[in-house]
Amino acid sequence: MVKFHRTPDACFANVPDYPFDPRYHILKSGLRLHYVDEGPRDAIPVLMMHGEPSWSFLYRKMISPVVNAGYRVIAPDLIGFGKSDKPTSKSDFSYAQHVDWMLEWFEAMGLNQVLLACQDWGSLIGLRLVAAMPDKFAGVVLSNGGLPAGQEPPPAFVKWKTFAKFSPVFPIGKIIQKATTTDLADDVVAAYNAPYDTRASKAGSRIFPALVPLGDNVEVPAQREAWKVLEQFDKPFTCCFSDRDPITKGGFQIFQDQVPGAKHDLHRTLSGGHFIQEDDPEGFVNAILDTAKLAGV
């Protein structure tokens with residue numbers, strides 16, 4: 001059994017603009033995974049996957065508009081984040097383990113014709129789900145993320161990785177603020193801090209940058225295998241990267257060049273920083289709805 005921390009519900013009492021009922025799934029490991037599930041159960045599911053060090057709160061401005069458009073929105077918290085359980089040892093985290101946890105949850109949900117909306121680590125894990133089960137997905141909308149497979153990291157990422165490893169403090173709310181162009185209200189910054197009431201609960205947030213398969217990394221072969229699937233993926237694949245993200249700048253090009261489903265004119269540039277869900281949620285929502293229309297769902 002993995003040793004973990006479960007954030008008390010009281011820590012989330014003052015989270016603003018997040019009126020969604022909590023739902024939970026217990027993984028075989030015993031870890032409890034939290035997710036939002038809004039909209040009709042028989043509607044086409046839109047899977048919104050967050051990255052690091054955020055949680056499903058990041059999508060709060062996007063969930064209701066997509067539900068109001070007639071879709072079912074599912075937004076999980078990755079293990080180690082948000083309302084999900086948080087292993088307290090960095091050694092309990094690996095890229096492959098996270099993919100396995102999310103595959104287990106996804107299969108238990110029984111989802112089909114899914115439209116994936118993803119960013120940051122939400123794309124690293126979400127696109128591996130697509131590669132593992134391409135028949136389950138109707139399309140993909142990708143913002144500020146990717147599926148790296150051994151490339152050299154950009155300087156901005158090297159600085160981030162070093163900070164996550166060595167900084168004596170790791171103020172998650174402030175980190176989110178620095179990676180947006182919007183001035184976040186104090187209660188929003190506090191909401192990003194809410195899941196992490198102990199130092200050990202930040203183990204996942206701390207280790208994730210070191211797990212990105214850039215350079216010589218154990219996950220590079222698995223990434224290359226995933227790319228072989230994406231290079232055959234002919235369902236709509238839309239890129240909507242932001243104009244002011246130094247880490248993922250230009251990252252859309254490889255998808256538009258190599259993914260057959262990306263051969264369309266729906267790609268767009270959104271206005272904002274890395275966490276585009278804070279800076280241009282409407283633009284991200286429009287990309288989702290346009291892609292769904294192209295997919296015929």
Completion exercise
In a Gaussian network model of the chain with springs linking alpha carbons closer than 10 Å, the residue among Leu184, Leu124, Leu116 that fluctuates most is Leu184
Completion exercise
Largest fluctuation, Ala191, Ala117, Ala210 only, Gaussian network model of the chain with Cα springs under 10 angstrom, belongs to Ala210
Handout entry: Choice from Lys202, Lys136, Lys86 showing the highest fluctuation, given a GNM over the chain with Cα pairs closer than 10 Å
Key = Lys136
Completion exercise
Residue by residue through the range 89-102, the couplings from Karplus 6.51 cos²θ - 1.76 cosθ + 1.60 with θ = phi - 60°, in Hz, x for Gly and Pro, are 10, 4, 5, 7, 9, 8, 4, 4, 5, 5, 4, 5, 4, 6
Problem - 29 Å Cα-Cα threshold exceeded, pairs from Lys174/Lys293; Lys178/Lys228; Lys3/Lys161; Lys86/Lys263 - result: Lys174/Lys293; Lys178/Lys228; Lys86/Lys263
Exercise for the section: Starting from one equal scatterer on each C-alpha and no solvent at all, send me the Debye-based log10 I(q)/I(0) for the range 61-163 at q = 0.13, 0.15, 0.16, 0.17 Å⁻¹, two decimals. Expected result: -0.56, -0.75, -0.84, -0.94
Practice task
Provide the gained length on full extension for the span Lys178 to Asp243, in nm with one decimal, where the gain is 0.36 nm per separating residue minus the Cα-Cα distance.
Solution key: 21.9 nm
Completion exercise
Quick numbers on the range 197-265, Rg and Dmax over C-alpha atoms in Å, give 15.8, 46
Exercise for the section: Read through the labelled values [x] 18.8, 58; [y] 17.5, 49; [z] 19.1, 65 and report the label of the one computed as Rg and Dmax of the Cα atoms in Å from the structure. Expected result: [y]
Completion exercise
Expressed in angstrom and rounded, the centroid-to-centroid distance over alpha carbons for the range 110-158 and the range 196-217 is 18
Practice task
Calculate the spin-label point distance for Ser94 paired with Lys263, positioning each point 7 Å from the Cα along the beta-carbon direction, and give it in nanometres.
Solution key: 3.8
Problem - Packing-based ranking, highest mean first, of 268-279, 12-23, 36-47 given that Cβ atoms within 10 Å are counted - result: 268-279, 36-47, 12-23
Completion exercise
Note to self: with every protein chain in place and a 1.4 Å probe, the chain gives an accessible area per residue in Å² of 41
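The values are calculated or read from the model by the stated rules, or taken from the named source; none is laboratory data. Please read all numbers here as calculations on a predicted model, not as lab measurements. Cβ: placed from backbone, ideal geometry, glycine included. Neighbour counts: every protein chain shown. SASA here: full protein model, heavy atoms, side chains in, ligands and nucleic acids out. Shrake-Rupley method; radii C 1.70, N 1.55, O 1.52, S 1.80 Å.
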